[in-house]
Amino acid sequence: MSKLESFLNPKSVAIVGASSNPAKLGWQILANLKSAGFSGDIYPVNPHETEILGLKAYQNISELKTKVDLAIVVIPAALVGAEIEKVANVGIKNLVIISAGFGEAGTAGKALEAEIKQLAETHGLNILGPNCLGFINYRFRLNTTFANTFGSEEGKKNHNIAFLSQSGAIGSAVLDWTKNKNIGFSLFVSLGNKAVLNENDFLEYLLNDKDSDLVMAYLEEISEGSRFLNLVSRLAKIKPVAILKAGRTAAGSAAAMSHTGSLAGSNEAVKAALLRSGAIILNDMNELFNLMRLVKKPLHLSNSDLYLISNAGGPLVISTDEISLSNLTLPALSVDTKKKLAAILPDFGHIDNPLDILGDATSERYEKVLSILLAKTEVQTMLILLTPQSGTDSKNIAEVIGRFSLKYPEKLIGCGFIGGVAIGDGKKILAEYLVPNFDYPEDAIRVLKHYLGYQKNKKSLLVYKPVKAKLPESKISGLWDYLTTKNLLDKYGIKTVKTLKVERGPLKIKYPLVAKIVGPQVIHKSEAQAIFLNLQTEAELKKIKRHPLLKDKANYLVVQEMVTGGLEIILGFKRDDNFGPVIVVGWGGIYTETIKDSALFLAEDNTCLIKNKIKQLKIYNLIAGTRGQRAFDFESLVENIKKLVLLAQTHPEIKELDINPAFILPSGFVAADWRIIS
């Protein structure tokens, strides 16, 4: 049983700070609890009241002589700590702290929030918030928020979406937006500052929640990165998880930190993590709202193809363009299907997918076309467009579509009824049948891209397994010595080019060679003009020995064998505080930042993942041997990345490691330059 079972499904609730003043949050929360139809016991607590909204009020929480499962705290921030002590002393383990004025409010608020964390640890408390809206559990008609969302239309909805929001304002906007739509929540949670409970605790609960067909989250920062990845990847194997992550720019990250008082991870690491988790990554609130329109039931599609039907050529062409840009597939219709459609459609020529059934299409024509197409096993996802024309009966057409949605519950049927007054009745009927409808076909297609991509990728999604943290093996701080770095790479089997420190005596290396000045003053050798290629003679090397950088005894000169016939690659990692090391692989050399052809992914010993990431690069065409050119050793690159992953996991003290360039050869791999920073 989840530790949140009694939290989310309490049999009794106390409201500390309940009020008889309708302008106060304490009154609104109490009123919402009652009006939602919560069947448990409700205990208002207020030192100045004896009765509120027909319920006996208690002056102090300690007056309660019965067990209480959940306490909602809505009092000034400065008084919260003392109240938590009282709540804990009467045996209440679950709290929702609505009050603001904590980590988001500066130094004093952070101190108050730290007190909450300490109290929770001392007494073993589950605390949601502070600075949150509360939560709603629709199954048990429990509304602990100050948003009145239980209306007469709630019974008509399929409450199948779990929504987690770090922003109370966005959460309340989402609740309000869904009021007059056929969209219902199984669970709504406003996370607030996440002082104790965070998104992971609720994601873990949702693993065994059969009421939710879709899990959505708006997050400004992600807590406990490894745990988050493990939970999301496990959930995504069962049901779609969609995340809108705010703070993707430097300005956005700063705003998120000031809003929540928490730290945001690096944008690159967050993106790599979300991709690895199998989550649907939402780009904006429009996509967030539209995905909620789309998912009305659990679906396990056998393919990610799309079939498009329209009664108008213009929207069909626009939609086809958007489908192409979204990399969705419009498979051709079979010969047998075309023959069946030709027998019922006017003789107008082209019959295929997408299918234009013309502006004079009646509900009867829609019914005949849909009966032919939906009977095909391969037709799993369909988008039906309609514009109001002189003979268009949108009401009856919507009824036809609704009946087919009931007949084929295993299929995804969406609509784009485009227009205004003339399609109003049709849209209402679609809503009654829980058929998703979009005002614009582009919106439907963009969200279908996300959803069908998820359906396609979930089959191969592997559950993320957190790597146990290791103790640092080195006490080096800052930039590592060049030869010490080489020795570490050699230790892990990452082949490095032959490298010697230039000292007195003959060189045990053949010309031509490369000379480099290395040391703490030479982080970027090309910019410092500290690298010299293709040296042919001893005289050239002697000239370099007089370089001004070598006057500093901390710097020294090394020589290396020249590597020829290889393809330049950059390889390395940067350690994120939340998600650990993030591997980078891409086009290497001095033009790395100009070409910008690289892939980032979390450090895992996962051959399939590594290969797929390399194949997404432009340079992969060269690796594979494009246009009859020789191929390079792809497998050797993969094996060396796996060795780098092990190094990254074993050395938590290393913040950054760069190998640039490394060379993939027709047979083999060799690193030619490197840098480590701890």
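The values are calculated or read from the model by the stated rules, or taken from the named source; none is laboratory data. Because the structure is a prediction, the values reported are computed rather than measured. Using ideal geometry, Cβ is built from the backbone for each residue, glycine included, and neighbour counts are taken over all protein chains shown.
State the number of residues belonging to the stretch 32-41 that are part of a loop (DSSP other than H, G, I, E, B) and either more than 18 Å from Asn148 (Cβ to Cβ) or in contact with a Leu (Cβ under 6 Å, 6 or more places away or on another chain) (or both).
Residues that pass the stated criteria total 3.
Let me spell it out: the conditions are (1) within 27 Å of the chain's Cα centre (by Cα); (2) at pLDDT 95 or above, and Asn606 meets all of them except one. Which number is the exception?
Failed condition: (2).
Could you go through the stretch 462-478 and let me know if any residue there is surrounded by 20 or more Cβ atoms within 10 Å (Cβ to Cβ), outside the structural domain of Leu291 (by TED's automatic domain parsing) and more than 16 Å from Asn182 (Cβ to Cβ).
The answer is yes, given that some residue of the stretch 462-478 is surrounded by 20 or more Cβ atoms within 10 Å (Cβ to Cβ), outside the structural domain of Leu291 (by TED's automatic domain parsing) and more than 16 Å from Asn182 (Cβ to Cβ).
Please go through the stretch 14-31 and give me each residue that is touching a Phe, Trp or Tyr at 6+ places or on another chain (Cβ under 7 Å) and over 17 Å from Thr50 (Cα atoms), ordered by number.
Once the filter is applied, which keeps residues that are touching a Phe, Trp or Tyr at 6+ places or on another chain (Cβ under 7 Å) and over 17 Å from Thr50 (Cα atoms), the stretch 14-31 yields Leu25, Gln28, Ile29.
So, in the stretch 575-596, how many residues would count as being surrounded by fewer than 17 Cβ atoms within 10 Å (Cβ to Cβ) and in contact with a Leu (Cβ under 8 Å, 6 or more places away or on another chain)?
1
Please specify each residue of the stretch 604-619 satisfying the condition of being crowded, with 18+ Cβ neighbours inside 10 Å and either under 21 Å from Ala672 (Cβ atoms) or without any contact (Cβ under 8 Å) to a residue 60 or more places away in the chain (or both).
Hits for the stretch 604-619 are Ile610, Lys613, Ile614, Ile619.
Can you tell me which residue is nearest to the chain's Cα centre (by Cα) among those in the stretch 384-412 that are among the polar types (S, T, N, Q) and not in a helix (DSSP H, G or I)? It would help to see each step written out before you state the result.
Within the stretch 384-412, the subset among the polar types (S, T, N, Q) is 387, 389-390, 392, 394, 396, 405.
Subsequent filtering for residues that are not in a helix (DSSP H, G or I) retains 387, 389-390, 392.
Numbers: Thr387: 35, Gln389: 41, Ser390: 45, Thr392: 41 Å.
Step by step, filter the stretch 384-412, then rank; the result is Thr387.
If I filter the stretch 559-601 down to residues being closer than 30 Å to Gly278 by Cβ and assigned to a loop (DSSP other than H, G, I, E, B), which single residue comes out as farthest from the chain's Cα centre (by Cα)?
In this case the residue turns out to be Gly588.
Here's the yes/no breakdown for (1) more than 34 Å from the chain's Cα centre (by Cα); (2) assigned to a loop (DSSP other than H, G, I, E, B); (3) modelled with pLDDT under 95; (4) closer than 30 Å to Lys297 by Cβ:
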site: Asp439; (1), (2), (3), (4): no, yes, yes, yes
site: Leu452; (1), (2), (3), (4): no, no, no, yes
site: Lys456; (1), (2), (3), (4): no, no, yes, yes
site: Val463; (1), (2), (3), (4): no, yes, no, yes
site: Ile476; (1), (2), (3), (4): yes, yes, yes, no
site: Leu483; (1), (2), (3), (4): yes, no, no, no
site: Leu488; (1), (2), (3), (4): yes, no, no, no
site: Ile509; (1), (2), (3), (4): yes, yes, yes, no
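Gly572 passes all but one of (1) at pLDDT 95 or above; (2) touching a Leu at 6+ places or on another chain (Cβ under 8 Å); (3) over 24 Å from Glu527 (Cβ atoms); which number fails?
Answer for Gly572: the failing condition is (3).
Could you count how many residues in the stretch 12-48 are surrounded by 14 or more Cβ atoms within 10 Å (Cβ to Cβ), over 20 Å from Ser172 (Cβ atoms) and not small (Gly, Ala, Ser)?
Counting residues in the stretch 12-48 that are surrounded by 14 or more Cβ atoms within 10 Å (Cβ to Cβ), over 20 Å from Ser172 (Cβ atoms) and not small (Gly, Ala, Ser) gives 8.
For the stretch 197-230: of the residues being of a type in the set (Ser, Thr, Tyr) and under 17 Å from Gly134 (Cα atoms), which is surrounded by the most Cβ atoms within 10 Å (Cβ to Cβ)?
Residue satisfying both the conditions and the ranking: Tyr218.
Whether any residue in the stretch 625-638 is among the acidic types (Asp, Glu) and under 27 Å from the mean Cα position of the chain (by Cα) is what I want to check.
Taking every residue of the stretch 625-638 in turn, none turns out to be among the acidic types (Asp, Glu) and under 27 Å from the mean Cα position of the chain (by Cα).
Would you point out the residue of the stretch 292-346, among those that are in contact (Cβ under 8 Å) with a residue 40 or more places away in the chain and among the basic types (Lys, Arg), that is nearest to Leu385 (Cα to Cα)?
Arg293
In this structure, is Leu79 of a type in the set (A, V, I, L, M) and closer than 21 Å to Lys3 by Cβ? Give the derivation first.
Working: of a type in the set (A, V, I, L, M): yes; closer than 21 Å to Lys3 by Cβ: no.
Answer is no for this residue.
If the requirement is being on the phi > 0 side of the Ramachandran plot and in contact (Cβ under 8 Å) with a residue 40 or more places away in the chain, which of these qualifies: Gly625, Gly565?
On the way: Gly625 fails: in contact (Cβ under 8 Å) with a residue 40 or more places away in the chain.
One residue alone meets the criteria, Gly565.
With the requirement that a residue be within 21 Å of Gly124 (Cα to Cα) and not in a loop (DSSP other than H, G, I, E, B), what does the stretch 42-76 give you?
Ile61, Ser62, Leu70, Ala71, Ile72, Val73
Can you name every one of the strands (runs of 3 or more DSSP E) wholly within the stretch 626-678 that holds 2 or more residues which are in contact with a helix residue (DSSP H, G or I) (Cβ under 9 Å, 6 or more places away or on another chain) and more than 19 Å from Lys475 (Cα to Cα)?
656-664, 669-671
Just a yes or no: is a residue in the stretch 85-96 free of Cβ contacts under 8 Å to residues at least 12 places away in the same chain and either outside the structural domain of Ser172 (by TED's automatic domain parsing) or within 21 Å of Ser167 (Cα to Cα) (or both)?
no
In the stretch 666-678, which residue that is buried (at least 18 other Cβ atoms within 10 Å of the Cβ) and not hydroxyl-bearing (Ser, Thr, Tyr) is nearest to Leu622 (Cα to Cα)?
Only one residue fits best here, namely Phe669.
In the stretch 106-132, which residue that is within 28 Å of the chain's Cα centre (by Cα) and buried (at least 16 other Cβ atoms within 10 Å of the Cβ) is farthest from Pro10 (Cα to Cα)?
Filtering the stretch 106-132 for residues that are within 28 Å of the chain's Cα centre (by Cα) and buried (at least 16 other Cβ atoms within 10 Å of the Cβ), the one farthest from Pro10 (Cα to Cα) comes out as Glu113.
Which of the residues that make up the stretch 374-394 are surrounded by fewer than 21 Cβ atoms within 10 Å (Cβ to Cβ) and either at pLDDT 95 or above or under 13 Å from Ala312 (Cβ atoms) (or both)? Before you say what the answer is, go through the steps one by one.
Here is the first cut: in the stretch 374-394, the ones surrounded by fewer than 21 Cβ atoms within 10 Å (Cβ to Cβ) are 374-378, 387-391, 393.
Leu374, Ala375, Lys376, Thr377, Glu378, Thr387, Pro388, Gln389, Ser390, Gly391 - these are the residues of the stretch 374-394 that are surrounded by fewer than 21 Cβ atoms within 10 Å (Cβ to Cβ) and either at pLDDT 95 or above or under 13 Å from Ala312 (Cβ atoms) (or both).
Which one of Leu500, Leu430, Leu471 is hydrophobic (A, V, I, L, M, F, W, C) and either without any contact (Cβ under 8 Å) to a residue 24 or more places away in the chain or assigned to a loop (DSSP other than H, G, I, E, B) (or both)?
Step by step, each of Leu500, Leu430, Leu471 is checked, and only Leu471 is hydrophobic (A, V, I, L, M, F, W, C) and either without any contact (Cβ under 8 Å) to a residue 24 or more places away in the chain or assigned to a loop (DSSP other than H, G, I, E, B) (or both).
Quick test for you: out of Asn327, Asn353, pick the one residue that is surrounded by fewer than 17 Cβ atoms within 10 Å (Cβ to Cβ), closer than 28 Å to Gly453 by Cβ and either modelled with pLDDT of 95 or more or not assigned by TED's automatic domain parsing to the domain that holds Thr178 (or both).
Asn327
Please work out if Asp201 is part of a helix (DSSP H, G or I) and either assigned by TED's automatic domain parsing to the domain that holds Ala431 or touching a strand residue (DSSP E or B) at 6+ places or on another chain (Cβ under 9 Å) (or both).
So Asp201 passes the test.
When you scan the stretch 137-184, how many residues do you find that are in contact with a helix residue (DSSP H, G or I) (Cβ under 6 Å, 6 or more places away or on another chain), modelled with pLDDT under 90 and closer than 23 Å to Lys428 by Cα?
Of the residues in that region, 3 qualify.
Hey, among the residues in the stretch 660-678 that are hydrophobic (A, V, I, L, M, F, W, C) and under 14 Å from Thr484 (Cα atoms), which one's farthest from the chain's Cα centre (by Cα)? Talk me through it step by step, then tell me what you get.
So the first thing to find is which residues in the stretch 660-678 are hydrophobic (A, V, I, L, M, F, W, C), and the list is 662-665, 669-672, 674, 676-677.
Pick out the ones that are also under 14 Å from Thr484 (Cα atoms) and you get 674, 676-677.
Working: Trp674: 32, Ile676: 30, Ile677: 29 Å.
Here the answer is Trp674.
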